[in-house]
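The structure appears right after this line, and notes come after that.
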Amino acid sequence: MNTQALIDTADALVADDKGILAMDESIPTCNKRFAALGIPQTEAARHAYRELIVTTRGLGEYISGAILFDETIRQQTKTGTPFIELLAGAGIIPGIKVDAGAKAMAGHPGEKITEGLDGLRERVTEYVQMGARFAKWRAVIVIGDHLPSRGAIEANAQALARYAALCQEAGLVPIVEPEVLMDGEHSLERCFQVTEDVLHVVFNQLYMQGVMLEGMILKPNMVLPGLSCTRQETVDEVADATVKCLKRAVPAAVPGITFLSGGQSPERASAHLNAMNGRHKSHLPWALSFSYGRALQQYAMEIWAGEDANVAEAQQALLQRARCNRDARRNEYHVALETSGR
Ligand code: 13P
């Protein structure tokens, strides 16, 4: 393990107020998003859409790294340039999703366990040879009446830690993503309690598995009320609760925290990040950044709608969201600026 190289990559992923673009939707997830917009669910459409993203000029000004899916990391543009080469040329560090998805967990109705540890050592070795420098594994935690269970939290945390250790052994910076889902009627307080609990268990496992904290990135959910909760806190309340929770559970050795957007609107995801940085940045040991999927891509995908003629406009929409989140890291994001045609 080249310790310094891991630290350098982790630091670079959160440097210069840039953030990470998650474009690693699995084939079923990408197809689901396409279906909702009437876009054909074909390999050709997924290829065209990913080409739109990686050929967006100027993306590297705001985006430090892009997480790819196995299908995408092997693809190239119409003119024959591998996507991974294009990203690296734009100063964007290529990353790869290596989990095999969250599956129903035996003995735990309503809960999921992320699979993909078998053969992971061989897979990460191949990705390193292809040029990937970091990886992602997502665990899913559900809040419900008697959920999450200890069993689901412990099993998912252990899998995250084993994945992270294998990545570091191969020279990949692991993004450790324990996502407490927003679905449900639960309160912000309940999300706080579950998120804190999950993070403590995850960091305990990371410690036990010998993961070097300086060479990893944490990708958590923000502390939010459930989507169906009647009480929806203000942006500042969410920012304060999220930072309070993270301060309790995330060691100072971790260089950066890059949030997932998890179903928040693009504007809300930017506003929350902006408020966290504006209100707390000077007192925090880690960078607070973004690793958004939907909150970066949603408008671009809608505008593109599967039509070549819309590519340039869709790329502008992607660039705009990337810029907004860079601004949010600087406490310079204002919803009002979004319509001012900057
Ligand atoms: P969202 O920002 O759409 O939640 O996606 C981030 C991600 O990578 C989930 O694994």
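The values are calculated or read from the model by the stated rules, or taken from the named source; none is laboratory data. Worth saying up front: this structure is predicted, and the values here are computed from it rather than measured. Because the Cβ atoms are built from the backbone with ideal geometry, glycine has one as well, and the counts that use them run over all protein chains shown. Surface accessibility is based on the protein's heavy atoms, side chains included, excluding ligands, DNA and RNA. Shrake-Rupley method; radii C 1.70, N 1.55, O 1.52, S 1.80 Å.
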**Prompt:** Regarding ALA249, is this residue farther than 17 Å from GLU179 by Cα and either open to solvent by 10 Å² or more (accessible area, probe 1.4 Å) or away from the ligand (no atom under 16 Å from the Cβ) (or both)?
**Reply:** no
**Request:** Select from segment 149-206 the residues that are assigned to a helix (DSSP H, G or I), charged (D, E, K, R) and in contact with a Pro (Cβ under 9 Å, 6 or more places away or on another chain) and write down the one among them that is most open to solvent (accessible area, probe 1.4 Å).
**Result:** GLU189
**Message:** Within segment 224-236, does at least one residue satisfy the condition of being at pLDDT 95 or above, in contact with a strand residue (DSSP E or B) (Cβ under 8 Å, 6 or more places away or on another chain) and either of a type in the set (A, V, I, L, M, F, W, C) or closer than 30 Å to THR29 by Cα (or both)?
**Reply:** no
**Item:** Residues of segment 251-279 that turn out to be part of a loop (DSSP other than H, G, I, E, B) and of a type in the set (A, V, I, L, M), as a count
**Value:** 4
**Message:** Would you confirm whether or not segment 110-125 contains a residue that is polar (S, T, N, Q) and part of a strand (DSSP E or B)?
**Reply:** yes
**Item:** Qualifying residue in segment 223-236 (condition: away from the ligand (no atom under 16 Å from the Cβ), under 22 Å from ASP16 (Cα atoms), open to solvent by 10 Å² or more (accessible area, probe 1.4 Å) and aliphatic (A, V, I, L, M))
**Value:** no
**Message:** Of everything in segment 144-161, what is within 14 Å of ALA106 (Cβ to Cβ) and in contact with an Asp or Glu (Cβ under 7 Å, 6 or more places away or on another chain)? Give them in sequence order.
**Reply:** SER149, ALA152
**Message:** Of everything in segment 285-300, what is of a type in the set (A, V, I, L, M, F, W, C) and either assigned to a helix (DSSP H, G or I) or closer than 28 Å to THR29 by Cβ (or both)? Give them in sequence order.
**Reply:** ALA287, LEU288, PHE290, ALA295, LEU296, ALA300
**Request:** Return yes when SER282 is small (Gly, Ala, Ser), farther than 30 Å from GLN41 by Cα and in a helix (DSSP H, G or I) and no when it is not.
**Result:** yes
**Request:** Quickly run through segment 218-232 and pick out the residues that are in contact with an Asp or Glu (Cβ under 9 Å, 6 or more places away or on another chain) and not basic (Lys, Arg).
**Result:** LEU218, PRO220, ASN221, VAL223, LEU224, PRO225, GLY226, LEU227, SER228, CYS229, THR230
**Complete:** Of the conditions (1) under 23 Å from ALA45 (Cβ atoms); (2) open to solvent by 10 Å² or more (accessible area, probe 1.4 Å), the single one that ALA88 does not satisfy is (1)
**Request:** Name every residue in segment 277-305 that is away from the ligand (no atom under 16 Å from the Cβ) and farther than 30 Å from PHE34 by Cβ, in order of residue number.
**Result:** ASN277, GLY278, ARG279, HIS280, LYS281, SER282, HIS283, LEU284, PRO285, TRP286, ALA287
**Message:** Give all pairs with beta carbons closer than 7 Å in which a residue from segment 283-301 that is open to solvent by 30 Å² or more (accessible area, probe 1.4 Å) meets a residue that is more than 12 Å from the ligand (Cβ to nearest atom) and part of a loop (DSSP other than H, G, I, E, B); count only pairs at least 6 apart in sequence or on separate chains.
**Reply:** PRO285/ALA252
